[in-house]
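Student: Mind having a look at this structure? Questions to follow.
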Amino acid sequence: MRITQTKVRRRIFLVLLAFVCGASLLIGRLVHVQVLAVQFYNEKAVHLIRRNIPLPAVRGEILDSAGQSLVYTASAASIIAVPRQIKDKQRTAYLLWKIIGGTEQGILKLLSQPKLMVYIRPRGRRLDEAKVKAIRALRLPGIYLTEEGKREYPYGDLAAQVLGVTGGEGQGLSGIELEFNQVLAGQKGALQFVSNARGEEIPQTNDDYIPPVPGLDVELTLNRQIQQFAQREIQNIVAKYAPDHVTIIVANPNSGQILAMANYPTFNPANWRSVPQQVYNRNLAIWQTFEPGSTFKIVTLAAALQEKKVNLKERFYDPGYYEVAGHKIKCWKAGGHGSQSYLNVVENSCNPGFIQLGERLGKTQLFSFIRAFGFGKKTGITLPGEGKGILFNPSRVGPLELATTAFGQGVSVTPIQQVMAMSAIANGGILMKPEIVKAFINPTTGQVVKTFQPVAVHRVISPEVAAQVRDALESVVAQGTGGAAFREGWRIGGKTGTAQVVENGHYSGAHYIVSFIGMAPVNHPQLVAYVAIDYPRPKGTPVFGGVIAAPVIGNLLADSLQYLNVPPSLQGIPKKYRYGIDPVLTTVPGLAGRSYKDAVRTMLESGTILRVAVVGEGPYVIAQAPKEGTKLPQGSTVRLYLGPAPSGAG
Amino acid sequence: MQNTKSPDFVIPLVTVILLIIGVVMVHSASTVLSEEHFHDAFYYFKRQLMWASLGLISMYVMSRVDYRLFARYAPHLMLMCLLFLGLVLIPHVGQVRGGSRAWLGIGTFGIQPSEFAKFGLLIFLSWFLSREPDRMRSFRKGMVPPLGVMALVIGLIMLEPDLGQSAVIAGATMIVIFVAGAQVKHLVAMAAVGLLAFAALIAAAPYRLARVLSFLDPWKYPDTIGYHIIMSLIALGQGALIGVGLGHSTQKHLYLPEPQTDFIFAILSEELGLIGGAVVVLLFTVLIWRGLRAAMRAPDRFGSYLATGLTGVIAVQVFINIGVVTGLMPVTGITLPFLSYGGSSLTLMLTAVGILMNISRYAHY
């Protein structure tokens, strides 16, 4: 077959057809990229050419209940440089140096960094007005001013764990700062521009300035003055007893608002990085769980009264122990309190009396009241890191567990739970949700954006029963183991508590958590206050019981009520003696023949205001002077002779 | 022979329209770079204008020179081209630009022997195949000699190396051989050999494989080998239907390297949109049509083959270049005829159009 010209032409035509097909393919592809899938490519483009310089928002303040600032952001203008936009780095560095000082070389080095943006450290941060004006006037390309803030704490360590701390980016790390980080943070603004591949702004394109939205102010329920009273009391305790930890909470029982919340050890949030993590990160008032001890008897009493299992005038005989399931559970007082009314049982904090109440209630009722008072679950306070405590598993509660629970052993609770339970008794029987935050306020307009109303969880006991318990607690202070909390005219009711701390699976002999919970005035309580002192170490001689914790609450309630202009009342139960005028006599308990540990525990529980001098060495008290039953003025010294065996019982 | 008529006026018309679009786009695409490198926004524009003018003169002259003159000197031209291709490989004689030792010249003025060899080879093949048209029936006599010369040329060019030029030369050669009446079974066999050779080339230099991969999924290599394609596709997407407007490209702001050369079509599509891009593709299609029409109507086989080859070079470059810009093909480094900033290659391309015009003068029906 010859290759004719016709065949050549046919083949050229085929080539033409192929090229036309190719051209159609190209146009089809252009339609795909530029019309059909254009959104995909445009998103990529925006990502590529839009640059953002973030502008931080001013963080909201944290205020006390009077609107006074406890934390604020001291903000000042700082220089942001976008190195790629700066053509003449030498000149820019020179002009900036003339205004802010430092070294020209240092500034030039920063301007030459291969970053999208740099702060001119250290002199280009937090500038004063004059410098800001001068820099604005220069209108240097690539040099911007932004507001930059630092958290300031005008009251130092005031309510440090409540306020919490912020990290390097200004983000909340603990406390209110963490819990309400979103609210406080506001919204970052941005400076957006269209950039070329080197990050330089392309001329004649639009800049977008998105202004930052400042964060809201968070107003707390904390009363600064009462908080300061609380912290002063803590300082005194620490100076006297060198404890491991101290916690104080003061609340308004009617609204559930927390007026003061203080812990030791504390810190200044401005220097939080120099303290251990557990100090700035743990708010003991809501985190720590421990055996409450006798303060828990209030719950047992309220339950028994509500269920009409007891009448306070009823008599009870305490032989010094109570037999449960074959075990003799001892009263803290050797030999017992003998015959007494149930009111005396409460005043004396007599364990057998409360075991009896527990038995009368039975485990179902007692535990349902414990739960109704809010124990065993979080109170829901708006602070991070709340503990919930531990209750016995109901299926495993036998008679022994029921007995110990009735007087506050074998349960584990947090300080805030105790305060809320006490508040229910103080306010007439309603468990409140604790509130630490009062409102969110717009810092620009001063407008209240959100208010937090008191939240009632539920009714636990009737108002009448609550009133009965309050009266009993007043007489604990006026006539019983809480005597050291008595302040004339303020009608304080309360209860001491002593809990042994389990160390390495055993109750330790020396490690106690001494606590007191009180309210005032009992006829119409305005305040509930709680203190817990973990491992007090009295200097020289041991000092017991109410001596440590009760006066703290006495001082705190009296000072606070006075500050709140609550009028004093003379309607209360009079003290057996007049404070500061009559010599106050205390009965010396019987300690000889017991182990030293037992003796210490007895002293703590009794609220006896006596000092002890120790003679000799050994685990047992072989003799004491003066003898049991002797009446001594408060603060007198009892001498204990120690030996290796409980011989020669006195 | 026949009386000379006036050439097909559509060929120069379309060429000049494309040239004008090219000069405008080169200016728009290069201002940022020119300002950056030479502190003269018109640097590339002025040079493009100069080469275009030179090319237009050459085009006019060639349209008046009888194309059959090339048939007479075809072997001499071929030998000269091979000589230069060898010369450019010698260090210090050939200059390295963009990774290839492909340039002969002084300072910024330079020519690429491969550009000349491209046209030299086509003239040679057209002459060789038209002398004894029936040789194509035999593989040994019809296929081996042209492919041997092509292999020699491509072999020298791959030593520079320049994959793009090689691809264009291979493509145009295949078209001419096909048109000259090669048997289909021979072409299939050659295609198989070509694929094997391509595989061997990739195996020899891994960066070629990377280039191949990058076009399949450029987003996987956004910072390295996928960069060009991504930037190009973003430019196209920005342009959408009607474009961002002449002069308003953002991709030319240092995102696309050398936006005035291989990626001029991306900038054009960004600024003038789908409409601008489609118009350019259609103009090229018209030019290819008129070129092949001249081939079909040429009075002799040499004219037919040469017109096919010259049009083929233009077509193959258009398809490869726009194929790369639209992400259909791996990045090879081929300019878009008449539009890309190109120096001597632009002048040479216009010269080729002049030859095409001359062939169209002798059209008979």
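The values are calculated or read from the model by the stated rules, or taken from the named source; none is laboratory data. Keep in mind that this is a model prediction, so the values were computed, not measured. Note that we place each Cβ from the backbone using ideal geometry, even for glycine, and neighbour counts take in every protein chain shown. Calculation scope for accessible area: heavy atoms of the full protein, side chains included, ligands and nucleic acids excluded. Shrake-Rupley method; radii C 1.70, N 1.55, O 1.52, S 1.80 Å.
Student: I'm trying to understand the selection: among the residues of segment B:264-279, which are open to solvent by less than 10 Å² (accessible area, probe 1.4 Å) and either of a type in the set (Lys, Arg) or facing chain A (nearest Cβ under 10 Å) (or both)?
Tutor: Within segment B:264-279, B:265, B:269, B:270, B:273, B:277 meet the criteria.
Student: Only one residue in A:465, A:469, A:448, A:476 is surrounded by fewer than 24 Cβ atoms within 10 Å (Cβ to Cβ) and in contact with a strand residue (DSSP E or B) (Cβ under 9 Å, 6 or more places away or on another chain). Which one?
Tutor: A:448
Student: Only residues that are surrounded by 18 or more Cβ atoms within 10 Å (Cβ to Cβ) and within 14 Å of another protein chain (Cβ to nearest Cβ): list them for segment B:129-147, please.
Tutor: B:129, B:130, B:133, B:135, B:136, B:142, B:143, listed by residue number.
Student: Given the structure, is residue A:282 among the basic types (Lys, Arg) and in contact (Cβ under 8 Å) with a residue 12 or more places away in the chain?
Tutor: yes
Student: Now for a separate question. Across segment A:353-399, what is the number of residues that are within 18 Å of the chain's Cα centre (by Cα) and among the aromatic types (Phe, Trp, Tyr)?
Tutor: The qualifying residues number 1.
Student: Can you tell me which residue is nearest to residue B:30 (Cα to Cα) among those in segment B:285-322 that are more than 9 Å from chain A (Cβ to nearest Cβ) and touching an Asp or Glu at 6+ places or on another chain (Cβ under 8 Å)?
Tutor: Result: B:321.
Student: Kindly provide the set of residues from segment B:1-50 that are hydroxyl-bearing (Ser, Thr, Tyr) and either more than 25 Å from residue B:279 (Cβ to Cβ) or open to solvent by 30 Å² or more (accessible area, probe 1.4 Å) (or both), ordered by number.
Tutor: Within segment B:1-50, B:4, B:6, B:31, B:34, B:43 meet the criteria.
Student: Can I ask one more? Any residue that is of a type outside the set (Phe, Trp, Tyr), away from chain A (no Cβ under 12 Å) and surrounded by 20 or more Cβ atoms within 10 Å (Cβ to Cβ) - is there at least one of those in segment B:238-252?
Tutor: no
Student: Further question on the same structure: Looking at residue B:282, is it out of contact with any helix residue (DSSP H, G or I) (no Cβ under 6 Å at 6 or more places or on another chain), at the interface with another protein chain (Cβ under 8 Å from one of its Cβ atoms), surrounded by fewer than 23 Cβ atoms within 10 Å (Cβ to Cβ) and not charged (D, E, K, R)?
Tutor: Against the criterion (out of contact with any helix residue (DSSP H, G or I) (no Cβ under 6 Å at 6 or more places or on another chain), at the interface with another protein chain (Cβ under 8 Å from one of its Cβ atoms), surrounded by fewer than 23 Cβ atoms within 10 Å (Cβ to Cβ) and not charged (D, E, K, R)), residue B:282 qualifies.
Student: For segment A:39-87, give me each residue that is open to solvent by 30 Å² or more (accessible area, probe 1.4 Å), within 9 Å of another protein chain (Cβ to nearest Cβ) and of a type in the set (A, V, I, L, M, F, W, C).
Tutor: Matches in segment A:39-87: A:40, A:48.
Student: Related question: Which ones in segment B:71-95 are under 15 Å from residue B:306 (Cα atoms), surrounded by 12 or more Cβ atoms within 10 Å (Cβ to Cβ) and more than 20 Å from the chain's Cα centre (by Cα)?
Tutor: B:71, B:73, B:74, B:75
Student: Output the number of the condition that residue A:338 fails; it satisfies all remaining conditions of (1) in contact with a strand residue (DSSP E or B) (Cβ under 7 Å, 6 or more places away or on another chain); (2) buried (at least 17 other Cβ atoms within 10 Å of the Cβ).
Tutor: It fails just one condition, (2).
Results for (1) over 25 Å from residue B:82 (Cβ atoms); (2) among the aromatic types (Phe, Trp, Tyr); (3) away from chain A (no Cβ under 14 Å); (4) buried (at least 18 other Cβ atoms within 10 Å of the Cβ), shown as yes or no for each residue.
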{"site": "B:152", "(1), (2), (3), (4)": "no, no, yes, no"}
{"site": "B:172", "(1), (2), (3), (4)": "no, no, no, yes"}
{"site": "B:177", "(1), (2), (3), (4)": "no, no, no, yes"}
{"site": "B:184", "(1), (2), (3), (4)": "yes, no, no, no"}
{"site": "B:204", "(1), (2), (3), (4)": "no, no, yes, no"}
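Student: Filtering segment A:93-111 down to residues that are in a helix (DSSP H, G or I) and not hydrophobic (A, V, I, L, M, F, W, C), which residue is least open to solvent (accessible area, probe 1.4 Å)? Spell out the reasoning first.
Tutor: Of the residues in segment A:93-111, the ones in a helix (DSSP H, G or I) are A:93-100, A:104-111.
Keeping just the survivors that are not hydrophobic (A, V, I, L, M, F, W, C) gives A:94, A:98, A:104-106, A:109.
Numbers: A:94: 90, A:98: 127, A:104: 61, A:105: 132, A:106: 30, A:109: 155 Å².
Here the residue is A:106.
Student: Suppose the filter is within 29 Å of residue A:202 (Cα to Cα), within 11 Å of chain A (Cβ to nearest Cβ) and touching a residue at least 60 places away in the same chain (Cβ under 8 Å); does residue B:326 pass it?
Tutor: yes
Student: Given (1) modelled with pLDDT of 85 or more; (2) touching a Cys at 6+ places or on another chain (Cβ under 6 Å), where does residue A:321 come up short, assuming only one miss?
Tutor: Only one criterion is unmet by residue A:321, namely (2).
Student: Oh, and also: (1) within 23 Å of residue A:76 (Cβ to Cβ); (2) modelled with pLDDT under 85; (3) more than 20 Å from the chain's Cα centre (by Cα): which one isn't true of residue A:106, the others all being true?
Tutor: (2)
Student: Could we say that residue B:361 is within 12 Å of chain A (Cβ to nearest Cβ) and surrounded by fewer than 24 Cβ atoms within 10 Å (Cβ to Cβ) here?
Tutor: Taking the combined requirement at face value, the residue does not satisfy it.
Student: Just wondering, is there one or more residues in segment A:23-31 that are touching a residue at least 12 places away in the same chain (Cβ under 8 Å) and either part of a helix (DSSP H, G or I) or crowded, with 17+ Cβ neighbours inside 10 Å (or both)?
Tutor: Here is the first cut: in segment A:23-31, the residues touching a residue at least 12 places away in the same chain (Cβ under 8 Å) are none.
Checking segment A:23-31: not a single residue is touching a residue at least 12 places away in the same chain (Cβ under 8 Å) and either part of a helix (DSSP H, G or I) or crowded, with 17+ Cβ neighbours inside 10 Å (or both).
Student: Of the conditions (1) farther than 30 Å from residue B:296 by Cα; (2) within 7 Å of chain B (Cβ to nearest Cβ), residue A:26 satisfies every one except a single condition; which number is it?
Tutor: (1)
Student: Which of the following residues is closer than 16 Å to residue B:259 by Cα, away from every other protein chain (no Cβ under 14 Å) and not aromatic (Phe, Trp, Tyr): B:24, B:10?
Tutor: Selected residue: B:24, the only one of B:24, B:10 that is closer than 16 Å to residue B:259 by Cα, away from every other protein chain (no Cβ under 14 Å) and not aromatic (Phe, Trp, Tyr).
Student: If you check residue A:190 against the conditions, is it modelled with pLDDT under 90 and either in a strand (DSSP E or B) or of a type in the set (Ser, Thr, Tyr) (or both)?
Tutor: The answer is yes for residue A:190.
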